[in-house]
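Bear in mind that the values in this text are calculations on the coordinates, not laboratory data. Computed from a predicted structure; not experimentally measured. Methodologically, a virtual Cβ is constructed for each residue, glycine included, from the backbone with ideal geometry; neighbour enumeration extends over all protein chains shown.
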Amino acid sequence: MKEMLTFLLSLTLCLTSFAQDLQSLFQQGRAQYDSAQYDKALISFREFEKIRDNYPPVNAYLAAVYGRLNRKEDALRYLNKTAIINADTALLSRPDFDVIRDSEEFKKITDFYLHLLKPVHLSELAFTIDDAEIHPETLAYDQESSRFFIGSIRLRQILIYERGRSYMFKKEAEDSLLAVTGLDVDKEGNVLWVSSAVMPQMKNKDGQATGSRVHIYDLETGSLIRSHRLQDEGVLLGDLIVGSDGRAYCTSSNRTEIYMANLDSIWLSHSFPEMRNIQGITFDKSGNLYFSDYIRGIFKIVDGKAVRVEHGKNISTKGIDGLYYRKGNFIGIQNGVFPMRVAQYVYDSEKNRITDVIYLDKNLDEMREPVQGTWVGDWFYFIANSPWPYYTEDNELNPETTPSPMIWRVNLH
């Protein structure tokens with residue numbers, strides 16, 4: 001079992017107050033499974049599940065344990081839960097599932113794994129960036145000037161791309177920029193909003209680089225209008241979006257919080273301690289705010305509370321980095337699942353439920369780690385190959401072996 005879960009086990013436990021208990025439960029269950037104490041392993045993994053549900057390695061182990069205990073329906077259910085997160089067909093070859101291997105239901109599960117692994121490529125290359133070391137993480141577009149703004153994690157820069165050429169908007173660490181994690185254009189205010197945070201992958205770190213910041217720039221002149229520095233240096237600001245009220249909304253992945261900012265200040269707007277890792281953020285046409293938790297899926301904020309966006313058993317909203325809404329659909333960039341994919345979710349707002357999923361890009365070698373994107377009319381542009389997999393253990397990046405960043409686009413008229 002251990003060799004099959006290489007990918008799954010790379011998804012580490014969240015750093016919470018009960019992480020040690022979870023780790024102990026996991027190790028205990030795994031040891032019990034290895035020694036064929038399946039009844040005891042079931043108890044350990046179910047206890048783990050009560051504390052943290054839908055953890056991929058535990059799903060896989062539960063499927064195997066239920067198979068060993070001849071609990072066929074439960075084994076199939078957990079095989080399905082595992083598939084939508086990690087469609088590694090090696091799991092299916094285990095003798096744990098010999099008791100159900102010849103069943104029609106198992107054949108359907110096998111077909112589902114193969115369906116998820118089938119490559120899909122609906123996007124096309126829009127443009128590339130020559131500097132492989134830039135590590136783009138976020139993308140924004142200014143309709144008025146037909147310019148893309150590209151934020152760099154490693155070099156603490158903001159680039160502009162227009163009409164086949166790229167050039168500097170903000171050079172390295174200018175205005176105390178940190179690793180750029182979020183960008184959005186406020187068309188009404190004619191400003192560019194930027195979120196940035198200290199990250200270990202930044203090059204040329206200095207003692208002044210701490211915490212998180214939000215910058216507001218004049219779109220025409222590039223001059224800095226205002227900069228806000230969070231007093232709590234432990235907050236890591238991530239994705240950013242501008243609302244119709246002209247305020248910026250920023251996610252914090254490590255504190256599971258959402259911050260709001262205007263020209264005058266920045267403040268904590270929402271706190272969701274029940275979440276694990278908040279990433280993407282978006283508005284629908286009615287002004288409702290949604291966010292993606294990397295572990296738990298998509299949520300809608302209703303009266304200050306997070307309400308889960310439901311979906312069927314064959315749909316996964318786990319591992320979404322960038323989240324976007326348009327014309328009744330969500331776009332989710334899923335880099336926390338295998339295979340990685342860019343998915344379009346058909347959303348029923350009245351029922352607060354995703355009714356279908358359409359894969360736009362899936363299981364492509366060149367799409368190593370897609371991250372964030374932006375709308376340009378009916379086209380959705382996104383960063384297709386962020387270089388996270390190419391960093392060394394020392395957080396170094398070799399530009400000679402790192403592919404040039406690619407921006408892909410897909411038409412969703």
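Which residue, S286, S265, S35, tops the fluctuation ranking in a GNM of the chain built on C-alpha contacts under 10 Å?
Sorting by GNM fluctuation, first place goes to S286.
Please check: in the Gaussian network model of the chain (C-alpha springs, under 10 Å), which one of V194, V99, V65 has the largest mean-square fluctuation.
Most flexible of the set in this elastic network: V99.
Report the local net charge at Y390: Lys and Arg +1, Asp and Glu -1, summed over other residues whose C-beta lies under 11 Å from its C-beta. Walk me through the numbers on the way to the answer.
Values: positive: R154, R368; negative: E133, E369, E396, E400.
Net charge around Y390: -2.
Quick one: net charge around I225, please, counting Lys, Arg +1 and Asp, Glu -1 for every other residue with C-beta under 12 Å from its C-beta. Don't jump to the answer; show the numbers that get you there.
Details: positive: R226; negative: D175, D186, D218, E220, D264.
Local charge sum for I225: -4.
Which of the lysines could a cross-linker span from K205 if the Cα-Cα distance has to be under 22 Å and same-chain partners fewer than 8 positions apart are dropped?
K170, K171
What does the charge dipole of the chain about its Cα centre add up to, to the nearest 20 debye, if the Cβ of each Lys and Arg holds +1 and the Cβ of each Asp and Glu holds -1? Present the calculation step by step, with values, prior to reporting the outcome.
Working: 47 positive and 57 negative charges, 197 e Å.
That gives the chain a dipole magnitude of about 940 debye.
Classify segment 74-152 from the C-alpha gyration tensor, please: rounded if a/c falls under 1.5, else prolate or oblate depending on whether a/b exceeds b/c. Can you show the working numbers first?
On the way: a/c = 3.81, a/b = 3.28, b/c = 1.16.
It comes out prolate by the Cα gyration axes.
Compare N54, N398, N335 in a GNM of the chain, Cα atoms joined below 10 Å, and give the one with the largest fluctuation.
Looking only at N54, N398, N335, the largest GNM fluctuation is found for N398.
I'd like to know which of P370, A83, L397 lies farthest towards the positive end of the charge dipole of the chain, counting +1 on Cβ of Lys and Arg and -1 on Cβ of Asp and Glu.
A83
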